[in-house]
Amino acid sequence: MKVGIVGAGPAGLFLAQKLGEEAVVYERERRLGVKPCSWVVLSSIEDLITQDEILFKITGYRIFLDNKLIHEVHSKEPFAYIIDKPRFLERLSEGVEIKWERGVIKGDEINGVKYDVVVDARGYQALSQDTVLAIQYDTTYHAEENVLNSYFYSDFVGYGWVFPGPYGARIGIGGEAPLPVLRERLNSILAGEKVGYGVARISMGGLRQGNFVGEAGGAVFPITGEGIRPSLMHAELMYRKLVGEDVDVRNSSLFRIMNAHLKVVEEARKSERPGEYVSRVFMGTLRPG
Ligand SMILES: Cc1cc2nc3c(=O)[nH]c(=O)nc-3n(C[C@H](O)[C@H](O)[C@H](O)COP(=O)(O)OP(=O)(O)OC[C@H]3O[C@@H](n4cnc5c(N)ncnc54)[C@H](O)[C@@H]3O)c2cc1C
């Protein structure tokens with residue numbers, strides 16, 4: 001079986017690595033890991049990352065609502081990591097055939113080459129709806145290396161963040177608000193000299209069916225915007241399907257977690273103060289439903 005995969009992000013490469021020689025991946029960028037991302041993964045997937053891919057071990061978490069600190073937790077053991085995502089992707093790409101060109105899918109062909117199976121792993125670029133905008137700066141601000149800071153705003157679903165990053169801090173925002181609102185809120189948390197900038201979209205709509213993996217298939221947890229872990233989970237399910245297992249996505253933990261997130265988003269949208277609703281769910285002081 002020859003499988004053509006368009007997109008060398010976590011989903012496309014994880015699937016390709018599992019398939020080995022059967023896979024060919026198309027990537028339009030000149031190197032891996034260019035897409036704007038904060039590189040946070042939960043420690044529950046630590047068996048998929050190596051020690052030298054870990055940049056920071058996260059043991060603390062702060063929640064701000066309308067720029068006021070409302071919650072802070074610290075743990076002994078790391079519950080998340082900031083990884084060197086390009087390095088992680090380089091490892092996933094070992095032994096994988098990559099064609100460094102933009103892939104155009106037409107039925108069972110990519111760029112005119114026929115495959116037994118074609119998989120779309122183009123990330124948010126594969127989505128025409130149910131996405132929100134996200135903006136992120138790399139700055140020289142010296143953020144605490146073991147703490148994630150999330151900034152919720154009562155008037156929309158989404159959040160800003162100040163996370164440790166390779167140059168000091170990653171400071172960004174994403175959510176269901178118009179660009180000027182996102183920019184104004186982002187300006188209120190920006191600190192340090194700007195050394196990098198990225199803008200992208202994030203899936204908010206949940207999983208969709210078809211030959212998609214990762215964010216192209218909606219595998220992003222919508223209240224956190226976490227996409228690396230769900231993309232790997234989604235690729236694993238696709239791999240099992242391709243090798244002939246009888247896989248029902250609806251019985252997967254990916255599907256269950258996704259639905260829990262979608263429920264929170266739905267309830268938050270109905271609430272008068274959506275951002276406050278989400279922050280309270282995060283803090284564990286509110287159960288959706
Ligand atoms: C600002 C921001 C911060 C984020 N922070 C985090 C975070 O901290 N933790 C987390 O878990 N998630 C985060 N996410 C989400 C996460 O980055 C994505 O959900 C995840 O990378 C999705 O993986 P993927 O492999 O599905 O797609 P992607 O990583 O988007 O990879 C898709 C690949 O396809 C390529 N491509 C697209 N079109 C074509 C084409 N036509 N031909 C060839 N190649 C193509 C792209 O260049 C890209 O390399 C963040 C997102 C944003 C926008």
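The values are calculated or read from the model by the stated rules, or taken from the named source; none is laboratory data. Keep in mind that this is a model prediction, so the values were computed, not measured. A quick note on method: Cβ atoms are made from the backbone with ideal geometry, for glycine too, and the neighbour counts reach across all protein chains shown.
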Item to complete: Sort out which residues of the range 21-47 are of a type in the set (D, E, K, R) and more than 8 Å from the ligand (Cβ to nearest atom), and write them in order of number.
Response: E21, E22, R30, R31, E46, D47
Discussion item. One residue is enough: does the range 209-219 have a residue meeting the conditions on the phi > 0 side of the Ramachandran plot, in a loop (DSSP other than H, G, I, E, B) and either modelled with pLDDT of 95 or more or loosely packed, with under 15 Cβ neighbours inside 10 Å (or both)?
Written reply: yes
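Yes/no per residue for (1) outside any loop (DSSP other than H, G, I, E, B); (2) crowded, with 22+ Cβ neighbours inside 10 Å; (3) hydroxyl-bearing (S, T, Y); (4) within 14 Å of the chain's Cα centre (by Cα):
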position	(1), (2), (3), (4)
Q136	yes, yes, no, yes
Y141	no, no, yes, no
E144	no, no, no, no
N149	yes, yes, no, no
I173	yes, yes, no, yes
A177	no, no, no, no
V199	yes, no, no, yes
Item to complete: Name, by its number, the condition in (1) of a type in the set (A, V, I, L, M); (2) in a helix (DSSP H, G or I); (3) away from the ligand (no atom under 11 Å from the Cβ) that does not hold for V247.
Response: (2)
Item to complete: Hey, could you check the range 129-183 for residues that are of a type in the set (A, V, I, L, M, F, W, C) and free of Cβ contacts under 8 Å to residues at least 40 places away in the same chain and say which is nearest to the ligand (Cβ to nearest atom)?
Response: I173
Worksheet item: With respect to G33, is the statement that it is under 20 Å from V96 (Cβ atoms) and either surrounded by 15 or more Cβ atoms within 10 Å (Cβ to Cβ) or in contact with a Phe, Trp or Tyr (Cβ under 6 Å, 6 or more places away or on another chain) (or both) true?
Response: yes
Discussion item. If I filter the range 112-127 for residues that are of a type in the set (D, E), more than 29 Å from I98 (Cα to Cα) and in a loop (DSSP other than H, G, I, E, B), do I get at least one hit?
Written reply: no
Discussion item. So, G205, is that one surrounded by fewer than 19 Cβ atoms within 10 Å (Cβ to Cβ), within 16 Å of the ligand (Cβ to nearest atom), outside any helix (DSSP H, G or I) and within 18 Å of the chain's Cα centre (by Cα) or not?
Written reply: yes
Worksheet item: Failed condition for R122, given (1) farther than 17 Å from G210 by Cβ; (2) surrounded by 20 or more Cβ atoms within 10 Å (Cβ to Cβ); (3) of a type in the set (D, E, K, R), with all others met?
Response: (1)
Worksheet, complete the sentence: Counting only residues that are surrounded by fewer than 17 Cβ atoms within 10 Å (Cβ to Cβ) and either at positive phi or within 23 Å of the chain's Cα centre (by Cα) (or both), the range 63-72 contains a total of 2
Worksheet item: Does the range 67-78 include one or more residues that are within 12 Å of the ligand (Cβ to nearest atom), out of contact with any helix residue (DSSP H, G or I) (no Cβ under 6 Å at 6 or more places or on another chain) and in contact (Cβ under 8 Å) with a residue 60 or more places away in the chain?
Response: no
Worksheet entry | Condition met for K57 (part of a helix (DSSP H, G or I), over 15 Å from the mean Cα position of the chain (by Cα), more than 9 Å from the ligand (Cβ to nearest atom) and in contact (Cβ under 8 Å) with a residue 60 or more places away in the chain) | no
Practice prompt. Check off (1) among the aliphatic types (A, V, I, L, M); (2) touching a residue at least 40 places away in the same chain (Cβ under 8 Å); (3) in a helix (DSSP H, G or I) for L237 and give me the number that stays unchecked.
Written response: (2)
Fill in: Residues (within 30 Å of A23 (Cα to Cα) and in contact with a Phe, Trp or Tyr (Cβ under 9 Å, 6 or more places away or on another chain)) located in the range 255-289
I257, M258
Item to complete: May I ask you to list pairs of residues, at least six apart or on different chains, whose Cβ atoms are under 8 Å apart, with the first in the range 35-46 being within 25 Å of Q125 (Cβ to Cβ) and the second being near the ligand (Cβ under 6 Å from one of its atoms) and among the hydroxyl-bearing types (S, T, Y)?
Response: none
